[in-house]
Amino acid sequence: GDSVTQMEGPVTLSEEAFLTINCTYTATGYPSLFWYVQYPGEGLQLLLKATKADDKGSNKGFEATYRKETTSFHLEKGSVQVSDSAVYFCALTAGVGSYIPTFGRGTSLIVHP
Amino acid sequence: GAGVSQSPRYKVAKRGQDVALRCDPISGHVSLFWYQQALGQGPEFLTYFQNEAQLDKSGLPSDRFFAERPEGSVSTLKIQRTQQEDSAVYLCASSSGRFQETQYFGPGTRLLVL
């Protein structure tokens, strides 16, 4: 079945550092890929998405590129802020018309001032 | 506007007790989803409604779990005879279309079964 693997956390960075959170996936066909963010005490929010190979999703300074050849969708940000501290979830849906996402385990990011 | 709300936010139950968890989706949203999130894990799909119709309940772990959305808006997830393994955060999400991929999540209900 479909699966998503994320790097284990917590990831601890200083403010303004470069962030990478790795995500790889296993899926049949052509999945859509997502990053969700969960701030403390809140629900998951969609951060960005990409629906086909080589697409780049971006939002709030975060980026991720859909790499079919390496089955990856790594999340990056050039300069993190304390307010980016949260749990980040990589997810996929199996493709057009699919509505059930498969989530990774989540990666906790802690940014220190 | 208002987002997805869930109540209660926290629930402690004794093993064997029945519990009911409520979800208020965004007004007008057709699709509603329930997920279970164990500690340190990502959310796992439980069930899906399109309006009042429960189209997919393949993720419900046992017949102790039951969900309804009788008028196509508010939904209730009921767990009968709770067990310790039911302890988790239960998330509700809604989306505006039938196969609309962007889901809006509520804050979750944290259930602890003692």
- Normalise the Cα radius of gyration of the protein assembly as shown by 2.2 N^0.38 Å (N = residues in it) and let me know the number. 1.02
- Within region A:5-113, trypsin sites (Lys or Arg not before Pro) in DSSP loop having at most 16 other beta-carbon neighbours inside 10 Å: A:K52, A:K60, A:K68
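Please give the average number of partner chain Cβ atoms lying within 10 Å of the Cβ of each residue in A:36-48, rounded to a whole number.
Numbers: counts 4, 0, 6, 0, 0, 3, 5, 14, 12, 4, 5, 0, 0.
Neighbouring Cβ atoms belonging to other protein chains average 4 per residue here.
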- Quickly work out the B:D18-to-B:E52 label distance, labels modelled 7 Å from Cα along the C-beta direction, and quote it in nm with one decimal. 2.1
- Using a cut-off of under 15 Å, list every residue of region B:48-71 whose amide N is near the label point 7 Å from the Cα of B:Q83 along the Cα-to-beta-carbon line. B:60-66
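Given N residues in chain A, what is Rg(Cα) / (2.2 N^0.38 Å)?
Normalised Cα radius of gyration, chain A: 1.01.
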- Item | Convex hull of Cα atoms in region B:1-67, direction-averaged projection (nm²) | 5.7
- Using a simple charge model, +1 on the beta-carbon of Lys and Arg, -1 on the beta-carbon of Asp and Glu, nothing else, what dipole does chain A show about its Cα centre, in debye to the nearest 20? 260
- For chain B, what mean projected area does the convex hull of the alpha carbons give, in nm²? 6.6
- What are the lysines whose alpha-carbon lies under 28 Å from the alpha-carbon of A:K68, with same-chain residues fewer than 8 places away excluded? A:K49, A:K52, A:K56, A:K60, A:K77
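Every number here is computed from the coordinates shown, using simple stated rules; none is lab data. Keep in mind that what you see is a predicted model, and the values were worked out from it rather than measured. Please note: Cβ atoms are built from the backbone with ideal geometry, for glycine as well, and neighbour counts cover all protein chains shown.
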